[in-house]
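Before any comments, here is the structure.
The values are calculated or read from the model by the stated rules, or taken from the named source; none is laboratory data. Only a predicted model underlies this, so the values are computations on that prediction, with no experimental measurement involved. Here the Cβ is made from the backbone with ideal geometry for all residues, glycine too, and neighbour counts use every protein chain on show. These accessible areas exclude ligands, DNA and RNA; they are computed on the full protein's heavy atoms, side chains included. Shrake-Rupley method; radii C 1.70, N 1.55, O 1.52, S 1.80 Å.
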Amino acid sequence: MEPPSTGGVTAAGNNTTHKFHPCDEAVIATNDDASDCKRCAVRLGYWKDDYIGYFVRNQERKAPEINRGYFARVKGVEMCVEKFLKKTSGNCQIINLGCGFDTLYFRLRDTAHQVKNFIELDFPTVTARKCYTIKRNKALLAKIHDEDGEVRLSPTDLHGPSYHLMGVDLRNLDEVDNKLQQAEVDYTLPTIFLAECVLVYIEAQNCRNLLKWIAQKFQAAVFVNYEQVNMNDRFGEVMLNNLRSRGCSLAGVESCLSLDTQNQRFKDCGWSGARAWDMVQVYESISSAERQRIERLEMLDEGELLLQLFQHYCLVVAWLGVAFQDLDITVEELMSSLNID
């Protein structure tokens with residue numbers, strides 16, 4: 001895995017050590033599942049993403065309710081990101097926790113939106129694969145590299161002028177702090193944290209420690225969390241059993257019992273406030289024209305199943321300070337500029 005001979009790219013030392021927990025491998029595998037699903041939905045035209053294909057080659061077609069579910073997930077997160085970027089005029093940071101093969105950084109580079117710093121963190125096993133893919137593809141590397149700054153690479157970490165991808169265990173706060181310093185994080189700058197199905201896999205005490213640590217370190221921040229909710233009914237029980245059969249115990253499921261428990265988790269950890277919506281509400285907040293467009297892409301036989309899936313996932317927005325307390329999910333009359341036709 002030698003770095004390519006691209007101008008401005010150098011190899012950096014790597015001293016990362018990582019002790020696996022019993023469920024880590026199963027959790028890591030969820031990245032592949034999610035990436036495969038996003039790739040399928042993109043190929044069918046649910047949203048535009050010119051970069052996911054570099055990370056995922058899978059051509060398997062997913063069920064229509066899965067495609068529509070991922071559309072709502074991606075769209076919901078993007079609406080929050082876009083409102084944050086407009087509010088800060090780009091004078092901000094994005095920190096993507098458990099980033100997997102997410103392509104938001106690359107898609108943002110194709111828009112008018114710019115940010116001061118974009119930091120991605122995940123297990124070293126995942127970031128190693130993402131680093132390898134980036135350094136093998138000039139189209140990806142070109143988005144990170146500029147004339148003024150070099151790109152430094154190690155097997156698990158990548159550092160560009162305003163983009164940092166690093167392998168880390170989010171349960172180890174000393175390691176997280178060290179990595180963020182390597183990424184030249186600015187604790188005084190408005191920062192949006194993104195986590196899609198990440199906190200639910202972290203043991204409750206470790207998750208509390210992480211959220212408290214962020215609340216203490218950052219002055220003005222938003223946390224956008226997408227994950228399971230209403231897990232104490234029969235449908236939720238089936239979802240839990242399916243994940244357990246794959247070796248994934250949802251260590252943080254106690255915060256996923258209701259929208260209230262989702263909000264309370266952040267308030268208990270020192271965040272100023274939080275609000276949550278199930279994915280039925282998020283989907284309905286997307287403009288009717290956009291919903292009609294994607295609903296024409298595939299026939300949906302299992303409408304009831306989609307409704308149940310939407311009722312068992314949610315989007316939570318938590319905030320520190322008062323600057324971002326009005327960040328809300330409202331009906332969008334215009335398409336997100338992150339989803340360019």
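Computed values, structure above
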read-out: Cβ-Cβ FRET estimate between Arg171 and Ser287, R0 fixed at 30 Å, reported to 0.05; value: 0.15
read-out: Hits among lysines - C-alpha to C-alpha of Lys143 under 20 Å, sequence gap 8 or more where chains match; value: Lys48, Lys116, Lys130, Lys135
read-out: Heavy atoms of Ser288: accessible area, 1.4 Å probe, square angstrom to 10; value: 60 Å²
read-out: Angstrom value of the Kirkwood radius, inverse mean 1/r, which spans all Cα pairs in region 242-317; value: 14.7 Å
read-out: Neighbourhood net charge (11 Å Cβ-Cβ; Lys/Arg +1, Asp/Glu -1) for Cys99; value: -3
read-out: Karplus (6.51, -1.76, 1.60) ³J(HN,Hα), θ = phi - 60°, over region 103-111, in Hz, Gly and Pro reported as x; value: 10, 4, 4, 5, 5, 4, 5, 8, 10
read-out: 37 °C / 0.692 mPa s Stokes-Einstein diffusion coefficient of region 99-246, Kirkwood radius on C-alpha pairs, µm²/s; value: 194 µm²/s
read-out: Which of Ile144, Ile66 is most accessible, then next, and so on - probe 1.4 Å; value: Ile66, Ile144
read-out: Solvent-accessible area of Lys179 with every protein chain in place, 1.4 Å probe, in Å² to the nearest 10; value: 10 Å²
read-out: Extension gain from Asn178 to Arg43, taking 0.36 nm per residue of separation minus the Cα-Cα distance; value: 44.8 nm
read-out: Of all accessible heavy-atom area on region 87-196, the percent that carbon and sulfur account for (1.4 Å); value: 43 percent
read-out: Candidates Gln59, Gln219, Gln93: whichever shows maximal mean-square fluctuation once the chain is modelled as a Gaussian network with Cα springs under 10 Å; value: Gln59
read-out: Candidate aspartates and glutamates for bridging to Lys86, where Cα separation is under 17 Å - those fewer than 8 sequence places away on the same chain excluded; value: Glu78, Asp110, Asp326, Asp328, Glu332, Glu333
read-out: Overall dimensions of region 120-190 as given by Cα atoms, namely Rg and Dmax in Å; value: 12.4, 36
read-out: Percentage relative contact order, region 153-216, counting C-alpha pairs under 8 Å, at least six apart; value: 26 percent
read-out: Cα radius of gyration and Dmax for region 111-160 (Å); value: 11.4, 32
read-out: Convex hull volume of the chain per residue (C-alpha atoms, cubic angstrom); value: 128 Å³
read-out: Calculated from backbone phi, Karplus (6.51, -1.76, 1.60) coupling profile of region 151-165 in Hz, x at Gly/Pro; value: 10, 9, 10, 10, x, 10, 10, 9, 10, x, x, 9, 9, 9, 10
read-out: Surface accessible to a 1.4 Å probe, per residue, for the residues of the chain, Å²; value: 43 Å²
read-out: Portion, in percent, of the accessible area of region 266-327 that falls on carbon or sulfur, probe 1.4 Å; value: 46 percent
read-out: Computed helical MRE - 222 nm, the chain, DSSP H runs ≥ 4 contributing -39500 (n - 2.57), nearest 500; value: -13000 deg cm²/dmol
read-out: Sequence-distant residues sharing a close amide H with Glu196 (under 5 Å, placed H); value: Tyr226
read-out: Nitroxide proxy distance, nm - points 7 Å out along Cα→Cβ at Asp186 and Lys138; value: 3.3 nm
read-out: Per DSSP, loop chymotrypsin sites (Phe, Trp or Tyr not before Pro) in region 170-201 with at most 10 further Cβ within 10 Å; value: none
read-out: Kirkwood hydrodynamic radius of region 212-341, from inverse mean 1/r over distinct Cα pairs, in Å; value: 16.6 Å
read-out: Relative contact order for region 189-341, counting Cα pairs under 8 Å that sit 6 or more residues apart, in percent; value: 30 percent
read-out: For region 78-215, size of Cβ-based charge dipole, Lys and Arg +1, Asp and Glu -1, in debye; value: 300 debye
read-out: Inter-label distance, nm, simple model (7 Å from Cα along the C-beta direction), Asn232/Thr330; value: 3.3 nm
read-out: Beta bridges per DSSP with both ends in the chain, % antiparallel, nearest 5; value: 45 percent
read-out: Computed label-point distance, nm, for sites Ala112 and Asn241 using a 7 Å Cα→Cβ extension; value: 5.2 nm
read-out: For region 209-249 versus region 51-120, the gap between their alpha-carbon centres in whole angstrom; value: 19 Å
read-out: Region 66-160 - Rg (one decimal) and Dmax (whole number), Cα, Å; value: 14.1, 42
